[in-house]
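Trainee: Starting off with a structure, shown below.
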Amino acid sequence: MIRPEELGASEVTTWHDLLRSRHELVNPFLAPEFAQAVGRCRDDVRVAVIEESGRTSGFLAFQRDRLGIGRPVGAGLTDAQGAALAEGLELEPGALLKACGLSVWEFDHLVADQFPAFHTSRHPSPVIDLRKGLPSNKTVKTTMAKERKLERDIGAVRHDYATTDPEALRTLLGWKSRQYRRTGRTDRFAAPWIVRLVQELLLIDTPDFGGVLDLVYADDLPVAGHFGLRSDKVLTGWFPAYDPAFSRYSPGLIHHLAMAREAAAHGIALIDLGRGAKEYKDKLSNGSLTVAEGRLARATPAAALHWATTVPVRALRNTVLASPALRAPADRLLKTYGRLRNRTP
């Protein structure tokens, strides 16, 4: 058991080698650099280093609270969770939890080939598989027409990919915060540690891992953008946002198409849009991965309390999200709440 900053260069290399040995397309949320970045922003992150026959054969990064409840590193923010494990390595969950000082390790975006006996539900995570070519459908044609109209009405459209401009990042986070509040969601960027995390990730750029910020401009006015993470071949859809003043031009779709084109030119094979039903994902995705919800648990009072306070609520939420008849009214209710919450007295 170590803190993420205690990982040596050779261990980071081994971690990446283990990921690549199991997955052709490695999600950057599973990378050691992500665990290290979160560890610099939070003091509850630990890494279990797993050894077999004197050789390092696995890593599991997690967050642990005072009751011994564990969650994936960056929980609540990540679209892929899991351990880096050697092929054929079998872990006994109870022994793993005990060694980590955990009563429970819960997950909601676990890569589907890990701990399958402990999955309570599985969900699609839509992707744009750039190996199949760029999206080409009616939505794409309509979006390209709107981009031309944006250029006629406002001015020349350009796309800045992989910029490290801090002002561009502030613009994007401002859009995203207002979107969260407008739609009744919790503003993630009200948490200082998340802002710091994004700022740190923006400056990381290695062959295996980096932050990617890109924005679309019209006549030098920022219109839409995104901040995500990349491995050597995978880009995550993480924080997309746009200026609502340009909403009639479908700026989010204009941006996603520009991002897909540029990502492909930079060697990205897959854009993981993340679990969850969104209209733009339906329009742009051409495939999906599978992620799982569930938990590993030992027979402890803390584990029993965790089950009682989280599992039924999660099951109810999944029932709502899985049903269009329930999801639409719930979304309208959240947006109404957002309007009331943000109303100026």
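Trainee: Binning at 5 Å from 0, report for the stretch 206-303 what percent of all alpha-carbon pair distances ends up in each bin.
Mentor: Using 5 Å bins, I get a P(r) of 2, 11, 20, 21, 15, 11, 6, 5, 4, 3, 1, 0, 0 for the stretch 206-303.
Trainee: Take the cross-link list LYS98/LYS176; LYS98/LYS233; LYS138/LYS233; LYS233/LYS281 and give me the ones stretching past 31 Å between alpha-carbons.
Mentor: Values: LYS98/LYS176 39 Å; LYS98/LYS233 35 Å; LYS138/LYS233 27 Å; LYS233/LYS281 20 Å.
The answer is LYS98/LYS176; LYS98/LYS233.
Trainee: Assigning unit charges at the beta carbon (Lys, Arg +1; Asp, Glu -1) and nothing else, what dipole magnitude in debye, to the nearest 20, does the stretch 1-86 show about its Cα centre?
Mentor: The dipole of the stretch 1-86 has a size of about 200 debye.
Trainee: Please give the solvent-accessible surface of GLU5 in Å², to the nearest 10, using a probe radius of 1.4 Å with every protein chain present.
Mentor: About 110 Å², ignoring ligands and nucleic acids.
Trainee: Express the carbon and sulfur contribution to the solvent-accessible surface of the stretch 151-256 as a percent, rounded to the nearest whole number, probe 1.4 angstrom.
Mentor: Of the solvent-accessible surface of the stretch 151-256, carbon and sulfur hold 50 percent.
Trainee: In whole angstrom, how far apart do the alpha carbon centroids of the stretch 165-243 and the stretch 27-57 sit?
Mentor: With the stretch 165-243 and the stretch 27-57 each reduced to a Cα centre, they are spaced 23 Å.
Trainee: Follow-up. Where does the chain land at 222 nm, in deg cm²/dmol rounded to the nearest 500, when only DSSP H runs of n ≥ 4 count, each adding -39500 (n - 2.57), divided by all residues?
Mentor: Details: 10 runs with 137 residues, N = 345.
Calculated from helices alone, the mean residue ellipticity at 222 nm is -12500 deg cm²/dmol.
Trainee: Note the direction-averaged projected area, equal to a quarter of the hull surface, for the Cα convex hull of the stretch 89-190, in nm².
Mentor: So the Cα hull casts an average projection of 12.6 nm².
Trainee: Still on this structure, I have one more. Aspartates and glutamates near LYS141 by alpha-carbon distance under 16 Å, same-chain residues fewer than 8 away left out - which ones?
Mentor: Reachable aspartates and glutamates: GLU151, ASP282.
Trainee: How high is the relative contact order of the stretch 1-153, given as a whole-number percent (alpha carbon pairs under 8 Å, six or more residues apart)?
Mentor: RCO, the stretch 1-153: 19 percent.
Trainee: Can you list the residues, at least 5 places off or on another chain, whose amide H is less than 5 Å from the amide H of VAL157, using H built in the peptide plane?
Mentor: ASP219
Trainee: For the peptides 125-135, 18-28, what is the packing order when you average, over each peptide's residues, the other Cβ atoms within 10 Å and list the highest mean first?
Mentor: Ranking the peptides 125-135, 18-28 by packing returns 18-28, 125-135.
Trainee: Right, next: Excluding same-chain residues fewer than 8 positions from LYS283, which aspartates and glutamates have a Cα within less than 17 Å of its Cα?
Mentor: The reachable aspartates and glutamates, counting only those whose Cα sits under 17 Å from LYS283, are ASP129, GLU147, ASP272.
Trainee: At 1.4 Å probe radius, can you tell me the per residue accessible area of the chain in Å²?
Mentor: 48
Trainee: What are the ³J(HN,Hα) values, in whole Hz, obtained from phi via the Karplus relation 6.51 cos²θ - 1.76 cosθ + 1.60 with θ = phi - 60°, for each residue of the stretch 213-220 in sequence order, with x given for Gly and Pro?
Mentor: 10, 9, 9, 9, 10, 10, 6, 6
The values are calculated or read from the model by the stated rules, or taken from the named source; none is laboratory data. None of the values given here were measured: they were computed from a predicted structure. Backbone-built Cβ (ideal geometry, glycine too); neighbour counts: all protein chains shown. These area figures cover heavy atoms from the full protein model, side chains too; ligands, DNA and RNA do not enter into them. Shrake-Rupley method; radii C 1.70, N 1.55, O 1.52, S 1.80 Å.
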